[in-house]
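Written below as structure tokens is the structure these notes are about.
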Amino acid sequence: MLDPNDLTEADTDVSSLIKFNGHAETVQKILDVVKKTAYGIDFVLWGLENQAKIHYAMPLRHMVGDAFSYLKEYNEIAAKNKKDGHFESSDEFLSNMKKTDRLHPVISLCVYYGEEPWDGPLCLADMLEIPEKVRPMVSDYKMNLLQLRASETCDFQDPEVAAVFDISRSIYERDYQRINTVYKNRNITSELGIVIGAITQSQKLIDHALESERKGGQVNMCTALEELMNEGKLEGRREGRLEGIQATISTCKSFNASKDVTVKNLMKVFSLSEEDAAGYVEEYW
């Protein structure tokens with residue numbers, strides 16, 4: 001829907017002064033990214049929120065940000081109208097807005113790139129306890145969500161963006177076979193490698209990308225894949241070891257063994273220090 005060449009920077013600070021019943025309060029609101037694009041002779045504001053974690057108030061956050069953007073433009077229009085003073089009626093004078101004045105649409109998008117599936121609300125109504133009798137009168141506000149884990153049906157026109165989503169999603173799914181099949185003979189820029197490593201919290205990939213940058217700026221996915229698989233195997237061994245420790249503690253407890261005896265068993269079976277073994281016992285007893 002958007003041509004990157006048509007986008008221009010816009011102010012990310014939509015903080016505003018809220019006045020109500022004689023009370024005034026400044027509310028701070030800064031978006032991650034805001035761009036402006038022309039549609040014919042008019043323009044649309046696009047706001048972007050980047051989320052690594054699930055935010056259970058995101059629809060409200062979007063609603064407030066969008067409302068502040070509209071309020072900011074209204075204040076600009078009202079100030080201009082007051083300065084010009086060319087009102088056609090008392091109603092226009094009261095609202096400081098002419099009958100023909102229009103605000104420009106604001107569209108916000110949340111890009112969630114966390115590993116866990118989004119289980120938060122998708123609209124304001126999901127955050128409310130609404131009695132059925134009044135539900136038709138409650139105004140809802142939906143949010144636009146792009147979820148990396150569920151982006152396989154998305155068609156990205158930019159191949160680099162497509163690669164970031166595709167590789168990151170495959171890493172989350174531990175689908176190294178797909179990465180090997182699709183990308184083993186393809187190089188990606190070190191910048192993309194760093195982005196993918198940051199998204200998936202893979203320090204191995206980040207280090208590999210930084211090293212590749214020093215050597216020429218290209219990341220060979222075949223080499224990076226081996227490091228990712230080794231990282232996954234190491235993590236698997238750590239998880240398996242922890243499960244074994246937990247099972248041993250549970251068994252000792254079921255046979256009414258004391259904590260001291262359990263500590264000695266952990267030291268013997270898993271080659272732990274007495275301090276580490278005691279720490280596991282205290283945590284999982």
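The values are calculated or read from the model by the stated rules, or taken from the named source; none is laboratory data. Everything numeric in this text was worked out from a predicted model, so none of it was measured. Backbone-built Cβ (ideal geometry, glycine too); neighbour counts: all protein chains shown. Calculation scope for accessible area: heavy atoms of the full protein, side chains included, ligands and nucleic acids excluded. Shrake-Rupley method; radii C 1.70, N 1.55, O 1.52, S 1.80 Å.
Apply the Karplus parameterisation 6.51 cos²θ - 1.76 cosθ + 1.60, with θ equal to phi minus 60°, to every residue of segment 272-285 and state each ³J(HN,Hα) to the nearest whole Hz, in sequence, with x for glycine and proline.
8, 6, 4, 5, 5, 4, 5, x, 5, 4, 5, 7, 10, 5
How far is the Cα center of segment 70-101 from the Cα center of segment 257-280, in Å?
If you average the Cα positions of each part, the centres end up 75 Å apart.
Between Glu49 and residues 5 or more places away or on another chain, which pairs have amide H atoms under 5 Å apart, with H built 1.01 Å from N, and which residues are they?
Amide H neighbours of Glu49: Leu109, Cys110, Val111.
Could you calculate the contour length gain from Leu7 to Glu191, that is, 0.36 nm times the residue separation minus the distance between their Cα atoms, to one decimal place in nm?
So the extension gain works out to 64.1 nm.
For segment 138-197, report the accessible area per residue in Å² (1.4 Å probe, heavy atoms, rounded to an integer).
Here the per-residue accessible area is 56 Å².
Mind giving me the nanometre distance, one decimal, between the label points for Phe156 and Asp126, set 7 Å out from Cα along Cα→Cβ?
2.2
For Lys82 and Ala198, what is the calculated FRET efficiency with R₀ set at 45 Å and r taken between the beta-carbons, to the nearest 0.05? Walk me through the intermediate numbers first.
Numbers: r = 47 Å, r/R0 = 1.05.
In this case the efficiency is close to 0.45.
For segment 85-178, which whole percent of the accessible surface, found with a 1.4 angstrom probe, sits on carbon and sulfur atoms? Mind showing how you got there, number by number?
Details: 3270 of 6210 Å².
Whole-percent figure for carbon plus sulfur exposure: 53.
Rounded to the nearest 0.05, what FRET efficiency do Leu210 and Val182 give with R0 = 25 Å and r taken as the Cβ-Cβ distance? Could you check?
Using R0 = 25 Å, I get an efficiency of 0.60.
Among the lysines, select those whose C-alpha is under 30 Å from the C-alpha of Lys80, and discard any that sit fewer than 8 residues away in the same chain.
By straight Cα distance, Lys80 reaches Lys19, Lys29, Lys35, Lys36, Lys72, Lys98, Lys99.
Calculate, in nm to one decimal, what Met267 and Ser90 gain on full extension: separation in residues at 0.36 nm each, minus their alpha carbon distance.
55.2 nm
If each of Phe255 and Val33 carries a label point 7 Å out from its Cα toward its Cβ, how far apart are those two points in nm?
Here the answer is 5.8 nm between the modelled labels.
Could you name the lysines in cross-link range of Lys253, using Cα to Cα under 29 Å and dropping any fewer than eight places away on the same chain?
Once the sequence-local lysines are set aside, what remains near Lys253 is Lys264, Lys268.
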